[in-house]
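The values are calculated or read from the model by the stated rules, or taken from the named source; none is laboratory data. Since the structure is predicted, the reported quantities are computational estimates derived from the model, not experimental observations. When we count neighbours, we look across all protein chains shown, and the Cβ atoms used for this are built from the backbone with ideal geometry, even at glycine.
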Amino acid sequence: MNFQITVQPSGASFSVERDETLLSAAIRQGVALPYGCKDGACGSCKSKLLEGRVIHGAHQPKTLSEAEEAAGMVLTCCATPQTDCVLEARTVPGAGLFPILKLPSRVIGIERPAGDVAVVRLQLPANQSFQFHAGQYVEFILRDGARRSYSMANSPANLGTPPAVELHIRHMPGGKFTDHVFGALKEKDILRMEGPFGSFFLREDSDKPIVLLASGTGFAPIKAILEQMEQQGITRPTTLYWGCRSRADLYLHDWALQAAVRIPTLRYVPVLSEPKPEDGWTGRVGLVHQAVMADLPDLSSHQVYACGAPIMVDSAQTDFVARCQLPAEEFYADSFTSEADKHAGVA
């Protein structure tokens, strides 16, 4: 049995097959709902159920509280409809623009700019046109069917020759995929991937000043967005805040410094939470989202694009909206949830 879903206020509609989630069906039919992890861990897909009934699959309790669920909020990534439904959700212009493809990719470069970070370049097949928005991600399909998600760190106009996507992969000791990347992956290996996914990309219909907020390898999609802005000559005032523990973790610090020289409207603010004595660090220290609040106590006229650890993204969203007057709808996020994050305390 198929159920019909209507999205308000856009009026878009789509059908959901038996045992399919709202989000999977929307993606399959090109209906552009907001989303991030697709695993009930980030909350980017949270929407309001106006009519109908759904059943939620496994998800993080903090992502959808009992009070929110009682108030009619749903996570479309793990909500399976039991009836026809009416959903209140912001549709994302452009999110369903490009076809989602499964394709092989060949490793053509592996660099280690930090001890626990690999920059991997994957050549795209010549017989397929892989299109995406700067900021979106791909999923690797492992041999056992498991999937791992990584954002592309270069813009679509900066794929190079031969065309390749760049990924920033942090080693998670004991991680099925990252142990392979750091222990066995070599040039010419083939990885199977699917994408593009996600609604984390620049809203080009706005002229508001931009805050780009990254922690750790959350810098990857931020870098892609900056490349896009530079290539398109976007001159909106932009501040990049990149938070890491120590100086070594700012693995593309020189790239960011050079970008701030090339792009007149860009300011770069690196922030270290635990600088080491040998770092000789004279820059900002503390939590990166608090550095934003210190510099920009009034965010009422800004857009924020945040990517990184869930605790940073959640803290930034809460504090910017509550204390800095950021409109809630102008906070765009991609929370880097690890497999451990996704399964910790799952409801």
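Descriptive notes on the structure:
- Selection count, the stretch 182-228, where residues are over 20 Å from the mean Cα position of the chain (by Cα) and aliphatic (A, V, I, L, M): 4
- Qualifying positions in the stretch 305-328 - more than 18 Å from the chain's Cα centre (by Cα) and on the phi < 0 side of the Ramachandran plot: Asp319, Phe320, Val321, Ala322, Arg323, Cys324, Leu326, Pro327
- The criterion of at least 2 residues that are among the aliphatic types (A, V, I, L, M) and out of contact with any Lys or Arg (no Cβ under 6 Å at 6 or more places or on another chain) is met by the following strands (runs of 3 or more DSSP E) wholly inside the stretch 132-245: 164-170, 190-197, 210-215.
- Set Ser44, Ser105: member being outside any loop (DSSP other than H, G, I, E, B), out of contact with any Ser or Thr (no Cβ under 6 Å at 6 or more places or on another chain), in contact (Cβ under 8 Å) with a residue 40 or more places away in the chain and of a type in the set (Ser, Thr, Tyr): Ser105
- Pick from the stretch 22-47, criterion over 13 Å from His59 (Cα atoms) and either hydroxyl-bearing (Ser, Thr, Tyr) or modelled with pLDDT under 85 (or both), ranking: surrounded by the fewest Cβ atoms within 10 Å (Cβ to Cβ): Ser24
- Check on Leu185, surrounded by fewer than 19 Cβ atoms within 10 Å (Cβ to Cβ) and farther than 30 Å from Asp295 by Cα: yes
- Some residue of the stretch 318-328 being in contact with a strand residue (DSSP E or B) (Cβ under 8 Å, 6 or more places away or on another chain) and of a type in the set (Phe, Trp, Tyr): yes
- Residues that are closer than 14 Å to Ala306 by Cα and among the aliphatic types (A, V, I, L, M) within the stretch 222-255 comprise Ile222, Ala224, Ile225, Leu226, Leu240, listed in sequence order.
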